[in-house]
Amino acid sequence: MTPIQVGILAIVLVFILIAARMPVAYVMLIVGLAGYAHVISPAAALSIAASSIYNTFASYSLIVVPLFVWMGYIAYHAGISRRIYDAAYKVIGSLPGGLALATIGASTAFGAICGSTTATAATMSAVAVPEMKRYKYARSLATSVVASSAILGVMIPPSVIFILYGIATGESIARLFLAGILPGILLMSLFMLVTYIMVRRNPSLAPGGPKVKIKEKVKAVLRGGVEVVIIFLAVIGGVFSGYFTPTEAGAVGAAATLGVAVVRRQLTWRGFLDSLRDSIRISAMIMFLVAAATIFGRFLAVTNIPMTMAVWASELPIHPILVLAVILGIYLILGCFIDALALILLTIPIFYPVAVQLGFDPVWFGVIIVLVVGMGVITPPVGANVYVVAGIVHDTPVTTIFRGSWPYLLTILVCIAILTAFPQIALFLPGFFSG
């Protein structure tokens, strides 16, 4: 067989094994090694495996992953997330569906100090769902709005998925962070609009909350919002102003979050140790996934499939937008079965060259990909965020959460369509700051 035929067979085998519920990292590692050994040699495959695994875990640029993950867990254990939610609730909680709107706003703010969609889902499930239950919100709305708005955790910087996309493609992580801000705000606004419309059409879904005085609103914002602004500016402001790199920003962000937690005196010793334990567990999983994806990506490179597909796609007698639609459709289908991080690392070596060859801006393409893989966390049967919410809420079936998530899935598609029609929404800030 030719290298291309071997590569196609390997890709088919990967999806068969994933469908058989084998862990994605192990699948990419085993198939990548076997394929590389067949195309080049067993000795070369072992050499690639050793260097890829060592270089991943020793990578200076990847240090940012555990640091940003730790930021989120410190914020959770220190109660910062609860103060964010309280501030959002006091400001807009009196509107129809106000608690759901506050959840969307709080998820956006928490995303500015977290960077993980599952961590955001877990945090907001513990903070927001009990409040919505207390005010007699429909379970489908209360749980689905948490699972869906957690996607904002990877749109608003810092974002672990943007970091991995930048490392996999060589694109500037700082530019990707900038590119995610306005689309994240757009998606937040669309989520709020859809929620408000649903509640206005069916008031039984969510009664309005009690009125709050202006003085209390200001006090809540100062109490819950100032620390988010401090942490966000410490991280993102330093990167954009050139004071430090994105990798150094992870250390600054973790230190700033820990500093806020210490000043607030709401981080216990047990909470501190738990934040370290949870961060190590998640970070080790991500690092091993990156190492396995690196090996599989090197195998695909020697088969020449990525460049062959790029040339083939660029020569198709159809508009590039239609090719993009096909790519996004593939991501949407695969996202139903594969975790977002794994999907990014598995497919970017294939589709990134295609997007560049078709003339799409790689930073804009990164934003679109983050959005479309974000849909996978609320689609059955995998739907990681749905299972996270169900695991914390307990008394709401996953089918109820999936059913309530459909309006938000359609909203993400609308957001993707808007960004495709108006790419400058994503590219304005990167262009402004680089200019």
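The values are calculated or read from the model by the stated rules, or taken from the named source; none is laboratory data. Source: prediction; values computed, not measured. Ideal geometry is used to build each Cβ from the backbone, glycine not excepted, and the neighbour counts take in all protein chains shown. Accessible surface areas use protein heavy atoms only, side chains included; no ligands, DNA or RNA. Shrake-Rupley method; radii C 1.70, N 1.55, O 1.52, S 1.80 Å.
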Query - Straight-distance crosslink candidates among aspartates and glutamates, where the alpha carbon sits under 18 Å from Lys215 and sequence neighbours closer than 8 are dropped - result: Asp86
Query raised in the report: Under a GNM of the chain (C-alpha, springs under 10 Å), which listed residue has the highest mean-square fluctuation: Ala20, Ala417, Ala34?
Result: Ala20
**Report entry** Cα-centre dipole for the chain with unit charges at Cβ (Lys and Arg positive, Asp and Glu negative), debye to 20
**Finding:** 1700 debye
Query raised in the report: Order of 404-410, 252-258 by packing, highest average Cβ count within 10 Å first?
Result: 252-258, 404-410
Requested in this report: Let me know the Rg and Dmax you get for region 43-168 when you use only its Cα atoms, in Å.
Outcome: 18.1, 66
Query raised in the report: Angle, helix 24-39 long axis vs. longest principal axis of the chain, Cα atoms, 0 to 90°, nearest 10?
Result: 10 degrees
Requested in this report: Give the Rg (one decimal place) followed by the Dmax (whole number) of the chain, computed from C-alpha coordinates and expressed in Å.
Outcome: 21.7, 73
Requested in this report: Could you calculate the FRET efficiency of Trp312 with Ala50 from 1/(1 + (r/R0)^6), where r is the beta carbon distance between them and R0 is 45 Å, rounded to 0.05?
Outcome: 0.85
Report summary line: The convex hull of the Cα atoms of region 153-241, divided by residue count, gives a volume in Å³ per residue of 127 Å³
**Report entry** Protein accessible area in region 103-242, 1.4 Å probe - carbon and sulfur %
**Finding:** 65 percent
Query raised in the report: Under the classification rounded if a/c is under 1.5, otherwise prolate if a/b is larger than b/c and oblate if not, where does region 337-377 fall, given a ≥ b ≥ c as square roots of the Cα gyration tensor eigenvalues?
Result: oblate
Query raised in the report: For region 236-243, what does the Karplus curve 6.51 cos²θ - 1.76 cosθ + 1.60, with θ = phi - 60°, yield as ³J(HN,Hα) per residue in whole Hz, taken in order and with x for Gly and Pro?
Result: 6, x, x, 5, 5, 7, x, 5
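Highest first, please rank the peptides 116-127, 134-145 by the mean number of other Cβ atoms sitting within 10 Å of their residues.
The peptides rank, most packed first, as 116-127, 134-145.
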Report summary line: Note to self: C-alpha centroids of region 271-306 and region 71-101 sit apart, in Å, by 31 Å
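With a probe of 1.4 Å, find how much accessible area the chain has per residue, and write the answer as a whole number in Å². The partial results should precede the final answer.
Numbers: 17850 Å² over 435 residues.
Result: 41 Å² per residue.
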Query raised in the report: Relative to the Cα centre, what is the charge dipole magnitude of region 169-216, using +1 at the beta carbon of each Lys and Arg, -1 at the beta carbon of each Asp and Glu, and rounding to the nearest 20 debye?
Result: 340 debye
Query raised in the report: Where the only charges are on Cβ atoms (+1 Lys, Arg; -1 Asp, Glu), what is the dipole of region 209-253 about its Cα centre, to the nearest 20 debye?
Result: 540 debye
Report summary line: Burial-style ranking of 264-270, 387-393, average other-beta-carbon count within 10 Å with highest first, yields 387-393, 264-270
Report summary line: With the charge dipole of the chain built from beta-carbon charges (+1 for Lys and Arg, -1 for Asp and Glu) about the Cα centre, the Cα from Tyr196, Ser149, Gly404 projecting farthest to the positive end belongs to Tyr196
**Report entry** Candidate lysines for bridging to Lys136, where Cα separation is under 24 Å - those fewer than 8 sequence places away on the same chain excluded
**Finding:** Lys90, Lys211, Lys213, Lys217
Requested in this report: In whole angstrom, note down how far apart the Cα centers of region 346-393 and region 1-67 are.
Outcome: 20 Å
Query raised in the report: At q = 0.15, 0.16 Å⁻¹, what is the log10 ratio I(q)/I(0) for region 209-364, with the Debye formula run over Cα points and no solvent?
Result: -1.02, -1.06
